[in-house]
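The values are calculated or read from the model by the stated rules, or taken from the named source; none is laboratory data. What you are looking at is a predicted structure, and each value in this text was computed from that prediction instead of being measured. All Cβ positions, glycine included, derive from the backbone under ideal geometry; neighbour counts span all protein chains shown.
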């Protein structure tokens with residue numbers, strides 16, 4: 001296994017709209033990030049992943065890009081961006097930009113030209129189709145955000161495809177000029193000093209030829225989810241190979257692809273160190289561990305998750321990548337609810353369970369990704385009414401579930417509180433002042449009311465805080481090569497409360513014991529492990545006690561021992 005800087009790195013995701021507002025307009029901006037660069041440096045992270053700051057009408061909070069080489073005015077200027085890049089680089093922090101090239105905004109100049117006439121040179125930069133014989137949509141595909149994935153265009157008498165909102169038309173990657181424009185844009189950013197890309201829904205860029213109907217998964221719905229026709233498509237690897245050869249191989253980059261629905265075997269091929277195209281991918285299998293199987297509500301139908309299932313998924317991905325490629329490690333991001341509310345206990349054991357989850361992600365094999373506020377233990381939010389919410393996915397879902405599926409307001413709000421994306425998008429809680437110190441104005445989305453007790457200022461100088469613990473985790477990973485490159489071995493896969501594994505590199509070995517729940521199970525040291533040599537590296541409790549074998553674990557307790 002090759003040693004690489006991006007394997008040893010810890011990545012911190014910034015969702016700029018919610019990070020820090022410098023000018024009082026209620027919207028986070030680039031100067032706000034610059035104000036907090038020293039905070040990031042003190043935390044100890046190595047890479048910032050910056051969610052989109054490009055010019056955009058904001059139908060999907062920046063993931064609908066109208067110009068790839070301009071900065072959104074709400075966020076600042078290109079000069080601000082240059083200043084941020086320099087500030088990060090001066091502190092040894094690299095910058096990874098979001099690459100959103102499955103689709104653009106419908107206000108992008110390419111699409112404006114494309115929809116102007118059927119014979120425009122940009123027409124097939126996007127995916128246009130005639131209506132079905134009955135005048136309806138060309139196929140039965142549903143968009144990620146409810147409703148048909150097709151939008152009728154009156155001017156030219158055809159439909160265009162949009163897997164996301166109707167203001168996010170899909171690019172036609174079959175067109176060579178589209179691909180070259182994307183590669184030229186990537187090169188432009190890399191030449192400006194960007195250190196890599198997080199690639200949004202990158203495995204959606206190749207669709208099944210002919211765009212056939214999706215299989216019927218929800219008989220009650222007119223539209224069907226068509227992942228079999230847009231995820232892991234027939235030319236995906238061809239496009240990624242071309243991207244690698246024309247762009248990425250000429251730079252020392254970090255690359256991670258967002259790849260929902262990508263089979264494990266394909267993911268391993270994609271990140272193979274010898275023949276692959278990207279450094280790592282975001283897999284989503286563990287993000288479905290609390291999904292209710294066999295329902296038509298998708299992410300909005302959840303069930304209590306089970307630890308053996310999580311262990312099975314994480315271990316499977318580790319073993320498949322062993323000796324071939326590299327995993328990313330995450331439990332939350334801008335599209336997922338807060339991890340301490342989902343996988344921990346954000347009430348009685350808030351601090352302890354937040355530390356446990358951090359311990360897990362920073363001791364597994366792979367590159368850890370911290371989502372802004374995770375290091376503070378920020379939680380989900382229960383806004384009292386739909387009017388508080390801003391996410392297009394939430395708003396569309398609320399309308400569909402209440403008006404078309406017959407769900408009550410109370411039922412739908414409960415689903416949003418559990419799973420909605422705005423859980424992750426409330427402003428970062430910097431201090432206990434008005435609006436959590438995020439803005440001097442009115443925030444674009446309300447701050448979580450618990451900011452008076454959960455905030456950075458309160459944790460900064462508290463050695464027992466979640467923030468202080470994350471600093472220890474990052475330092476420990478930097479100090480112990482075995483936590484980066486060591487082989488992973490799982491013990492007791494069927495235990496319903498304890499997640500126990502070792503990391504081994506040469507003669508070095510680390511044991512990680514995690515009690516994922518509020519019970520008090522007894523831990524028995526697996527055969528073959530050397531308790532006599534055990535040295536405690538980290539714990540999320542102040543008093544750890546002397547025993548290891550036969551130890552009664554405390555709620556959400558996390559222990560990291562050096563065994564050799």
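Can you confirm whether segment 83-91 contains a residue that is in a loop (DSSP other than H, G, I, E, B) and touching a residue at least 24 places away in the same chain (Cβ under 8 Å)? Yes, segment 83-91 has at least one match.
A quick yes/no check of all residues on (1) surrounded by fewer than 22 Cβ atoms within 10 Å (Cβ to Cβ); (2) under 18 Å from residue 50 (Cα atoms); (3) more than 25 Å from the chain's Cα centre (by Cα):
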| residue | (1), (2), (3) |
| --- | --- |
| 69 | yes, yes, no |
| 77 | yes, yes, yes |
| 89 | yes, yes, no |
| 92 | yes, yes, no |
| 118 | yes, no, yes |
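Residue by residue, here is whether (1) closer than 24 Å to residue 394 by Cβ; (2) at pLDDT 95 or above; (3) surrounded by fewer than 22 Cβ atoms within 10 Å (Cβ to Cβ); (4) assigned by TED's automatic domain parsing to the domain that holds residue 257 holds:
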position: 11; (1), (2), (3), (4): no, yes, no, yes
position: 14; (1), (2), (3), (4): yes, yes, no, yes
position: 22; (1), (2), (3), (4): no, yes, yes, yes
position: 25; (1), (2), (3), (4): yes, yes, yes, yes
position: 29; (1), (2), (3), (4): yes, yes, no, yes
position: 57; (1), (2), (3), (4): yes, yes, yes, yes
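Of the residues making up segment 386-411, those that are free of Cβ contacts under 8 Å to residues at least 24 places away in the same chain and either part of a helix (DSSP H, G or I) or under 24 Å from residue 63 (Cβ atoms) (or both) number 9.
Checked against (1) in contact (Cβ under 8 Å) with a residue 12 or more places away in the chain; (2) out of contact with any strand residue (DSSP E or B) (no Cβ under 6 Å at 6 or more places or on another chain); (3) farther than 18 Å from residue 159 by Cβ, residue 131 passes all but condition (3).
Let's see how each residue does on (1) at pLDDT 95 or above; (2) over 28 Å from residue 519 (Cα atoms); (3) assigned by TED's automatic domain parsing to the domain that holds residue 466:
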| position | (1), (2), (3) |
| --- | --- |
| 334 | yes, yes, yes |
| 338 | yes, no, yes |
| 349 | yes, no, yes |
| 372 | yes, yes, yes |
| 376 | yes, no, yes |
| 383 | yes, yes, yes |
| 390 | yes, yes, yes |
| 401 | no, yes, yes |
| 408 | yes, yes, yes |
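Among 443, 368, which is the only one that is touching a helix residue (DSSP H, G or I) at 6+ places or on another chain (Cβ under 8 Å), touching a residue at least 12 places away in the same chain (Cβ under 8 Å), within 30 Å of residue 6 (Cβ to Cβ) and not in a helix (DSSP H, G or I)? Working first, answer last.
On the way: 443 fails: within 30 Å of residue 6 (Cβ to Cβ).
The conditions single out 368.
With respect to (1) part of a helix (DSSP H, G or I); (2) surrounded by fewer than 23 Cβ atoms within 10 Å (Cβ to Cβ), the lone exception for residue 33 is condition (2). Going through (1) under 21 Å from residue 501 (Cβ atoms); (2) surrounded by 20 or more Cβ atoms within 10 Å (Cβ to Cβ); (3) touching a strand residue (DSSP E or B) at 6+ places or on another chain (Cβ under 9 Å) one by one, residue 333 falls short only on (1). Comparison of 296, 362 shows that the only residue that is at pLDDT 95 or above and either buried (at least 17 other Cβ atoms within 10 Å of the Cβ) or out of contact with any helix residue (DSSP H, G or I) (no Cβ under 9 Å at 6 or more places or on another chain) (or both) is 362. Here residue 353 fits the description: part of a helix (DSSP H, G or I) and buried (at least 23 other Cβ atoms within 10 Å of the Cβ). Restricting the first member to segment 298-309 and to residues that are in contact (Cβ under 8 Å) with a residue 40 or more places away in the chain, and the second to residues that are assigned to a helix (DSSP H, G or I), the beta-carbon pairs closer than 7 Å and six or more apart or on different chains are 299/419; 300/397; 300/415; 300/419; 302/418; 302/419.
For every residue, the table says whether it meets (1) touching a strand residue (DSSP E or B) at 6+ places or on another chain (Cβ under 8 Å); (2) under 30 Å from residue 31 (Cβ atoms).
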residue	(1), (2)
360	yes, no
376	no, yes
381	no, yes
393	no, yes
408	no, no
417	no, no
426	no, yes
436	no, yes
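For residue 188, the criteria (1) touching a strand residue (DSSP E or B) at 6+ places or on another chain (Cβ under 7 Å); (2) surrounded by fewer than 17 Cβ atoms within 10 Å (Cβ to Cβ); (3) not assigned by TED's automatic domain parsing to the domain that holds residue 280 hold in every case but one, which is (3). Can you tell me which residues in segment 297-343 are farther than 28 Å from residue 407 by Cα and assigned to a loop (DSSP other than H, G, I, E, B)? Residues satisfying the conditions are 322, 323, 324, 325, 326, 327, 330, 331. Of all the residues in segment 152-169, those that are surrounded by fewer than 19 Cβ atoms within 10 Å (Cβ to Cβ) and within 23 Å of residue 393 (Cα to Cα) number 3.
In segment 474-483, which residues are surrounded by fewer than 19 Cβ atoms within 10 Å (Cβ to Cβ) and either assigned by TED's automatic domain parsing to the domain that holds residue 329 or in contact with a helix residue (DSSP H, G or I) (Cβ under 8 Å, 6 or more places away or on another chain) (or both)? Break it down into steps so the answer makes sense when it comes.
Within segment 474-483, the first condition is being surrounded by fewer than 19 Cβ atoms within 10 Å (Cβ to Cβ), and the residues that meet it are 475-476, 478-479, 481.
476, 478, listed by residue number.
Please tell me if residue 165 is more than 21 Å from residue 56 (Cβ to Cβ) and assigned to a loop (DSSP other than H, G, I, E, B). Walk me through it before giving the result.
Values: more than 21 Å from residue 56 (Cβ to Cβ): no; assigned to a loop (DSSP other than H, G, I, E, B): yes.
For residue 165, the condition - more than 21 Å from residue 56 (Cβ to Cβ) and assigned to a loop (DSSP other than H, G, I, E, B) - is not met.
Out of all the residues in segment 158-180, is one or more more than 23 Å from residue 255 (Cα to Cα) and over 30 Å from the mean Cα position of the chain (by Cα)? For segment 158-180, residues more than 23 Å from residue 255 (Cα to Cα) and over 30 Å from the mean Cα position of the chain (by Cα): present. Of all the criteria given as (1) buried (at least 21 other Cβ atoms within 10 Å of the Cβ); (2) part of a loop (DSSP other than H, G, I, E, B), the one not satisfied by residue 347 is (1). Evaluation of residue 208 against the conditions (1) in the same structural domain as residue 242 (by TED's automatic domain parsing); (2) touching a residue at least 40 places away in the same chain (Cβ under 8 Å); (3) more than 23 Å from residue 250 (Cα to Cα); (4) under 28 Å from the mean Cα position of the chain (by Cα) shows that the sole unmet condition is (2). Of the residues making up segment 230-265, those that are farther than 26 Å from residue 50 by Cβ, surrounded by fewer than 22 Cβ atoms within 10 Å (Cβ to Cβ) and in contact (Cβ under 8 Å) with a residue 40 or more places away in the chain are 235, 237, 264, 265. Just so you know, in segment 515-541 the residues that are touching a residue at least 40 places away in the same chain (Cβ under 8 Å) and in a strand (DSSP E or B) include one that is farthest from residue 355 (Cα to Cα), and it is 537.
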